[in-house]
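The values are calculated or read from the model by the stated rules, or taken from the named source; none is laboratory data. Being a predicted model, the structure only gives us computed values, none of them experimental. Glycine also receives a Cβ, built like all others from the backbone with ideal geometry; neighbour counts cover every protein chain displayed.
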Amino acid sequence: MEIILQDNNGNISEIHGKTIERLICVESLHDNFKKVPCLFLLKLNQLNVWYRFFLDVNFCVWEKYKHFPRDNIEDTDDFPWYDLSEKTELKGLQILNTCVSEQGEGVKLEIVLSNNRKLILSILSFDGDTILKVL
């Protein structure tokens, strides 16, 4: 495993220009039965690696793995997962830009894609949940 970014500002330039092969979203099931995205696994067509990323309080963690990080994805009742790239038609889209920035007490990760699409993750406060928007 290699840490690419662990900060509240920056970008992940090594994935710019690459296309999405698969994007998996792992959710956390809260006591009120609300599902909240907590972890993402990304595979790109041009690279033979997996990326694991998530937001934690006020910073973004982005890691690279040589093999699929199976330890991070167990389909249990408390941590269900799904293929976000299939569900939201992101498969095959090119990553144009990435930006991690501070947002109030939290952090925001914005991934700009081809076809005027965007994937935005944000945490608004210290004890807030991750918010996922696919535009």
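Only one of K66, K43 is charged (D, E, K, R) and in contact with a strand residue (DSSP E or B) (Cβ under 7 Å, 6 or more places away or on another chain); which?
K43
Could you please find all residues in segment 92-112 being out of contact with any Ser or Thr (no Cβ under 9 Å at 6 or more places or on another chain) and surrounded by 20 or more Cβ atoms within 10 Å (Cβ to Cβ)?
V100
Evaluate segment 71-90: report whether one residue or more is over 24 Å from D129 (Cβ atoms), under 15 Å from the mean Cα position of the chain (by Cα) and not β-branched (V, I, T).
No, because not a single residue in segment 71-90 is over 24 Å from D129 (Cβ atoms), under 15 Å from the mean Cα position of the chain (by Cα) and not β-branched (V, I, T).
Kindly indicate the residue of segment 76-132 that is among the charged types (D, E, K, R) and part of a strand (DSSP E or B) and also farthest from L55 (Cα to Cα) among those meeting that condition.
This residue is R117.
Taking segment 84-135, which residues are of a type in the set (V, I, T) and farther than 15 Å from K18 by Cα?
T88, V100, V107, I120, I123, T130, I131, V134
Anything in segment 91-116 that is more than 15 Å from the chain's Cα centre (by Cα) and charged (D, E, K, R)? List them, or say none.
E102, E105
Out of the residues in segment 122-134 that are modelled with pLDDT under 95, surrounded by 14 or more Cβ atoms within 10 Å (Cβ to Cβ) and not hydroxyl-bearing (S, T, Y), state the one that is nearest to F40 (Cα to Cα).
L132
When the residues of segment 1-57 are narrowed to those that are in a strand (DSSP E or B) and of a type in the set (D, E), which ends up surrounded by the most Cβ atoms within 10 Å (Cβ to Cβ)?
Only one residue tops the list, namely E27.
Could you tell me which of the residues H30, H16 is over 20 Å from S114 (Cα atoms) and of a type outside the set (S, T, Y)?
Matching residue, one of H30, H16: H30.
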